[in-house]
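*Asks:* Could you have a look at this structure, given as structure tokens, before my questions?
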Amino acid sequence: MASSIVVSLASNFWTLYMKNNNVIKIEKKFEETKVLLISDLHWDNPKCDRDLLKKHLEEALVGNNDVLINGDLFCLMQGAWDPRKNKSDIRLEHNVANYFDAIIETAVEWFTPYANLIKFVGYGNHETNILKRQETDIIERFVTLLNYKCKTDIKVGGYGGWIRYSFRNSPTDPSTSYKIKYMHGFGGGGAVTRGTIQHNRMSVNVENADAIWMGHVHEDYEMTYSVEYLNDQDTVSLRDILMIRTSAYKEEYGDGSKGWHIERGASPKPVGGRWLIMKPYRAKNQSRKVHGYTHKTL
């Protein structure tokens with residue numbers, strides 16, 4: 001059934017790229033909003049902690065919280081001719097001739113209970129690598145099939161892009177926004193810096209974001225950058241930019257005795273995502289603002 005519904009669009013990458021939602025807009029009431037930020041699930045890898053992932057998604061389900069997925073939803077390294085493949089890194093249900101199809105179909109079944117919560121799925125380097133190697137777009141196919149089955153409107157994001165949360169109680173009310181610049185990530189984490197240098201680089205390239213969110217290096221942190229700006233009344237003001245890094249759900253260190261992760265000298269990594277809490281409020285001058293902060297999933 002899936003083969004008759006899902007059509008790979010990877011033969012024309014630029015047409016597909018133009019279809020991606022580079023700016024995803026989400027409307028909310030003028031009240032506290034909690035969102036689950038996750039990346040680097042590597043869902044099809046045997047080392048993915050699906051029990052923990054399910055726990056966090058169930059928490060989102062109970063709270064009716066949005067779920068945002070910032071790349072590397074899949075691992076995808078066990079396909080034909082992939083030099084990275086390893087027999088111990090494939091799940092039994094995916095050890096079949098139609099490897100990619102099996103991953104998509106089983107993932108759609110697994111994520112169906114949470115489809116109404118998921119607002120967007122972005123690309124990570126694992127998905128773009130398959131687009132290059134195998135000429136099939138796993139994210140587009142997964143989202144298309146999940147939307148078809150669940151009658152949802154999950155957006156396919158990019159490797160990077162923007163998410164704007166707008167808060168107001170009615171269409172006639174003025175709205176205030178919380179703007180998230182997301183980027184799956186680049187470079188390595190660094191044994192000392194843990195990826196914070198990439199956030200510093202992003203802060204130079206990006207303007208007017210309330211938060212800059214990355215994954216990729218399997219680290220976990222929140223930092224606040226404070227910046228000075230001159231407002232329209234020629235008053236020097238300060239604003240905060242939240243720097244967010246979400247970790248992974250794939251735990252590779254184990255007992256530290258063997259494996260590629262150990263051989264390259266990599267350290268143990270945190271597992272899980274982060275909760276983003278956005279609190280809209282009225283300032284003393286009656287202007288509307290949004291305060292945002294995160295905490296690690298437990």
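*Asks:* Quick one: order 51, 220 from most to least accessible surface, probe 1.4 Å. Write down the numbers at each step before the final one.
*Replies:* Numbers: 51 125, 220 40 Å².
These residues rank, largest area first, as 51, 220.
*Asks:* Next question. Expressed in nm to one decimal, what extension gain is obtained for the pair residue 279 and residue 51 from 0.36 nm per residue of sequence separation less their Cα-Cα distance?
*Replies:* Working: separation 228, 0.36 × 228 = 82.08 nm, distance 2.99 nm.
Length gained between residue 279 and residue 51: 79.1 nm.
*Asks:* If you don't mind, another one. Applying the Karplus parametrisation 6.51 cos²θ - 1.76 cosθ + 1.60 with θ = phi - 60° to the phi angles of region 173-185, what ³J(HN,Hα) value in whole Hz is obtained for each residue in order, glycine and proline being reported as x?
*Replies:* After applying 6.51 cos²θ - 1.76 cosθ + 1.60, I find 6, x, 9, 10, 10, 10, 10, 10, 8, 10, 8, 4, x Hz.
*Asks:* So, one more: For the chain, modelled as a GNM with alpha-carbon contacts under 10 angstrom, which of 122, 71, 254 fluctuates the most?
*Replies:* 254
*Asks:* Once phi is turned into θ = phi - 60°, what whole-Hz ³J(HN,Hα) does the Karplus curve with 6.51, -1.76 and 1.60 give for every residue of region 157-162, x standing for Gly and Pro?
*Replies:* Once θ is set to phi - 60°, the couplings for region 157-162 become x, x, 5, x, x, 10 Hz.
*Asks:* Filter the cross-link list 28/296; 25/179; 250/296; 55/149; 181/269 down to pairs whose alpha-carbon distance in this structure exceeds 19 Å.
*Replies:* Details: 28/296 23 Å; 25/179 9 Å; 250/296 16 Å; 55/149 23 Å; 181/269 24 Å.
The pairs that break the limit, which is 19 Å between Cα atoms, are 28/296; 55/149; 181/269.
*Asks:* Carbon-plus-sulfur fraction of the accessible area of region 99-191, 1.4 Å probe, in percent?
*Replies:* Numbers: 1720 of 3590 Å².
C and S fraction of accessible area: 48 percent.
*Asks:* Would you grab the residues whose amide H sits under 5 Å from the one on residue 137? Only those 5+ places off in sequence or on another chain, please, with H modelled 1.01 Å from N.
*Replies:* 9, 10
*Asks:* Longest segment of the chain with no GluC sites (Glu not before Pro) in a DSSP loop having at most 12 other Cβ atoms within 10 Å? Don't skip to the end; give the middle numbers.
*Replies:* On the way: sites that count: 31, 135, 207.
With GluC sites (Glu not before Pro) excluded where exposed in loops, the chain gives 32-134 as its longest stretch.
*Asks:* Using a 1.4 Å probe on the protein heavy atoms only, what accessible surface does residue 49 show? Give it in Å² to the nearest 10.
*Replies:* Counting only protein heavy atoms, residue 49 exposes about 60 Å² to solvent.
*Asks:* Can you give the net charge of the other residues whose Cβ lies under 10 Å from the Cβ of residue 226, counting K and R as +1 and D and E as -1? Show your work: numbers first, answer last.
*Replies:* Details: positive: 239; negative: 228, 240.
For residues surrounding residue 226, the net value is -1.
*Asks:* Something else about it: On a 0 to 90 degree scale, rounded to 10, what angle separates helix 50-63 from the longest Cα axis of the chain?
*Replies:* 40 degrees
*Asks:* Under the Karplus relation 6.51 cos²θ - 1.76 cosθ + 1.60, θ = phi - 60°, what is the ordered set of whole-Hz ³J(HN,Hα) values for region 270-277, x standing for Gly and Pro?
*Replies:* x, 10, x, x, 9, 8, 9, 10
*Asks:* If you take every DSSP beta bridge whose two residues both sit in the chain, what share of them, in percent to the nearest 5, is antiparallel?
*Replies:* Numbers: 33 of 58 bridges.
If we restrict to bridges inside the chain, about 55 percent are antiparallel.
*Asks:* Roughly what would the spin-label model give for residue 25 and residue 288, points 7 Å off Cα along C-beta, in nm?
*Replies:* About 1.4 nm separates the two model spin labels.
*Asks:* Sorted from largest down, give the three principal axis spans of the alpha carbons of region 171-298, whole angstrom values.
*Replies:* In descending order, the Cα extents are 60, 28, 21 Å.
*Asks:* Between residue 81 and residue 164, what length comes free when the chain is fully extended (0.36 nm per residue of separation minus the Cα-Cα distance, one decimal in nm)? List each step's numbers first, then the result.
*Replies:* Values: separation 83, 0.36 × 83 = 29.88 nm, distance 4.02 nm.
This chain segment gains 25.9 nm when fully extended.
*Asks:* Report the calculated FRET efficiency for residue 193 and residue 225 (r = Cβ-Cβ distance, R0 = 25 Å), to the nearest 0.05. Don't jump to the answer; show the numbers that get you there.
*Replies:* Values: r = 15 Å, r/R0 = 0.61.
E between residue 193 and residue 225, to the nearest 0.05, is 0.95.
*Asks:* OK, next. For region 40-133, which chymotrypsin sites (Phe, Trp or Tyr not before Pro) are in a loop by DSSP, counting at most 16 other Cβ atoms within 10 Å? Mind showing how you got there, number by number?
*Replies:* On the way: sites: 43, 74, 81, 99, 100, 110, 111, 114, 120, 123; in loops: 43, 74, 81, 123.
Answer by residue number: 81.
*Asks:* Extending each Cα 7 Å along its Cβ direction at residue 64 and residue 152, get the distance between those two points in nm, one decimal.
*Replies:* The modelled label-to-label distance comes out at 1.6 nm.
*Asks:* Can you compute the modelled spin-label distance between residue 236 and residue 267, with each label point 7 Å from Cα toward Cβ, in nm?
*Replies:* About 3.7 nm, to one decimal.
*Asks:* What percentages make up the Cα-Cα pair-distance distribution of the chain when the bins are 5 Å wide from 0?
*Replies:* Binned Cα distances yield the sequence 1, 5, 11, 16, 18, 16, 13, 9, 5, 3, 2, 1, 0, 0.
*Asks:* So, one more: For region 89-174, what D do you get in µm² per second when you plug the Kirkwood radius from alpha-carbon pairs into Stokes-Einstein at 37 °C and 0.692 mPa s?
*Replies:* Numbers: Rh = 14.8 Å.
Here the translational diffusion coefficient equals 222 µm²/s.
*Asks:* Continuing with this model, one more query. Counting helices only, and only those DSSP H runs with n ≥ 4, report the 222 nm mean residue ellipticity of the chain as the sum of -39,500 (n - 2.57) divided by its residues, in deg cm²/dmol to the nearest 500.
*Replies:* Values: 8 runs with 75 residues, N = 298.
Roughly -7000 deg cm²/dmol at 222 nm, from the helical runs in the chain.
*Asks:* In addition: When a/c is below 1.5 the answer is rounded, else prolate if a/b is larger than b/c, else oblate, so apply that to region 137-176 with a ≥ b ≥ c taken from the square roots of the Cα gyration tensor eigenvalues.
*Replies:* On the way: a/c = 6.61, a/b = 1.88, b/c = 3.52.
Because a/c hits 1.5 or more and a/b fails to exceed b/c, region 137-176 counts as oblate.
The values are calculated or read from the model by the stated rules, or taken from the named source; none is laboratory data. Note that the structure is a prediction, hence the values are computed from the model and not measured. Here the Cβ is made from the backbone with ideal geometry for all residues, glycine too, and neighbour counts use every protein chain on show. The area values use the complete protein model at the heavy-atom level, side chains included, leaving out ligands, DNA and RNA. Shrake-Rupley method; radii C 1.70, N 1.55, O 1.52, S 1.80 Å.
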